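Colleague: Questions regarding the structure given below will be posed in turn.
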Amino acid sequence: MKDEVITPGQVVELSGLVRRITAPNPGVMTGPGTNAYLIGTGDLALIDPGPESAPHLSAMLEAVGKRLRWILCTHTHLDHSPGAKALKAQTGAEVLGFGRVPDDGRQDTGFAPDRALRDGDVVECGAFRLRAVHTPGHASNHLCYLLEGERWLFTGDHVMQGSTVVISPPDGDMVAYLKSLEKLLALDLAALAPGHGHVIEKPHDEVRKLVAHRLKRERKVIEAFAKKNPATLDDLLPIVYDDVSPRIHPVARRSLHAHLLKLKHDGKAIEEGDRWALK
């Protein structure tokens, strides 16, 4: 299933039902770009239309022709849902998603789904069905979509290939994220189709690896307090993330904050102003 290089604008057939078109927005946070997934052979559904982008809109329109009926968004971060508005205007397709959340500076505040979805809701698409799986953590309104029968899960930013997911409080929540990862282990899955990167063909192995990684990072946070307790986020950051490039530290700082909030939730840490202490 893996092609060597993900090229923006290229339509890549992943299965008899699934094709991928990647937006031209590569970067530190987005990897090769945001993946839009086109599903179906008759009436079509598209998952994650991506950012506002004229070239990406043209690529999607060329691929769908006049057959697009459903536009599904995994969440409302700016690289996933803003493209829905223009795509709907051109095709008349129905827009679906969880809905908006309070603006934290990272949200598509103009997102307005025609139909709000909640955990377990099924979108009947004629020849196929997509089931919404609520997976808060990276974003409180995050949905994955399960292509029933094929057992493919379209994971948005809940699971990304090639990198870990940033958890950015206040909308991002590490406690919720770990619970949402565990939720995937109960699903019968054949593959994960992430919002960034290639298809993941060993879903449960990948999820277990992500859980282990997060718990290992949590242990590093606890161990860092041996050097300074109490400590600020900036005291802990270079210790906890000594294994990543300093250029990533501003982003890593958000996930560190999420780990500390989880430790507070678990009764293991206390917060006093801008300082944190291990109990």
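Colleague: Among Val5, Val101, which is the only one that is outside the structural domain of Asn141 (by TED's automatic domain parsing) and of a type in the set (A, V, I, L, M)? Steps first, answer last, please.
Modeller: Values: Val101 fails: outside the structural domain of Asn141 (by TED's automatic domain parsing).
Only one candidate qualifies: Val5.
Colleague: Now, a different point. Report those helices (runs of 4 or more DSSP H) wholly inside region 181-279 carrying at least 2 residues which are modelled with pLDDT of 95 or more and under 20 Å from the mean Cα position of the chain (by Cα). So that I can check it myself, show each step before the final result.
Modeller: Values: elements: 203-224, 233-240, 249-265.
Result: 203-224, 249-265.
Colleague: Look at Asp119 and say whether it is farther than 23 Å from Lys183 by Cβ and either hydrophobic (A, V, I, L, M, F, W, C) or assigned to a loop (DSSP other than H, G, I, E, B) (or both).
Modeller: Values: farther than 23 Å from Lys183 by Cβ: no; either hydrophobic (A, V, I, L, M, F, W, C) or assigned to a loop (DSSP other than H, G, I, E, B) (or both): yes.
No.
Colleague: Kindly indicate whether any position in region 159-168 is more than 27 Å from Leu17 (Cβ to Cβ), surrounded by 23 or more Cβ atoms within 10 Å (Cβ to Cβ) and modelled with pLDDT of 95 or more.
Modeller: Residues of region 159-168 more than 27 Å from Leu17 (Cβ to Cβ): 164, 166-168.
Filter again for surrounded by 23 or more Cβ atoms within 10 Å (Cβ to Cβ), leaving 167.
Among the residues that remain, those that are also modelled with pLDDT of 95 or more are: 167.
Within region 159-168, one or more residues are more than 27 Å from Leu17 (Cβ to Cβ), surrounded by 23 or more Cβ atoms within 10 Å (Cβ to Cβ) and modelled with pLDDT of 95 or more.
Colleague: Identify, please: which residue in region 156-200 is in contact with a His (Cβ under 7 Å, 6 or more places away or on another chain) and of a type in the set (Gly, Ala, Ser) and is, among those, farthest from Ser81 (Cα to Cα)?
Modeller: Ser180
Colleague: From the set of residues in region 122-139 that are part of a strand (DSSP E or B) and under 16 Å from the mean Cα position of the chain (by Cα), which is farthest from Val64 (Cα to Cα)? Full working, then the answer.
Modeller: Taking region 122-139 first, the residues part of a strand (DSSP E or B) are 122-124, 129-134.
With the extra rule that they be under 16 Å from the mean Cα position of the chain (by Cα), the set shrinks to 132-134.
Details: Ala132: 22, Val133: 25, His134: 27 Å.
Restricting to residues being part of a strand (DSSP E or B) and under 16 Å from the mean Cα position of the chain (by Cα), the top hit is His134.
Colleague: Oh, and also: Consider Pro113 carefully, then state whether it is part of a loop (DSSP other than H, G, I, E, B), in contact with a helix residue (DSSP H, G or I) (Cβ under 6 Å, 6 or more places away or on another chain), surrounded by 13 or more Cβ atoms within 10 Å (Cβ to Cβ) and assigned by TED's automatic domain parsing to the domain that holds Lys66.
Modeller: Against the criterion (part of a loop (DSSP other than H, G, I, E, B), in contact with a helix residue (DSSP H, G or I) (Cβ under 6 Å, 6 or more places away or on another chain), surrounded by 13 or more Cβ atoms within 10 Å (Cβ to Cβ) and assigned by TED's automatic domain parsing to the domain that holds Lys66), Pro113 does not qualify.
Colleague: At least 2 residues that are among the charged types (D, E, K, R) and either over 22 Å from the mean Cα position of the chain (by Cα) or buried (at least 24 other Cβ atoms within 10 Å of the Cβ) (or both) in each: list the strands (runs of 3 or more DSSP E) lying fully within region 21-99 that qualify. Don't jump to the end; show me each part of the working.
Modeller: Numbers: elements: 35-39, 44-47, 68-72, 94-97.
By residue number, no strands (runs of 3 or more DSSP E) qualify.
The values are calculated or read from the model by the stated rules, or taken from the named source; none is laboratory data. Computed from a predicted structure; not experimentally measured. Every residue, glycine as well, gets a Cβ built from its backbone with ideal geometry; the counts of neighbours run over all protein chains shown.
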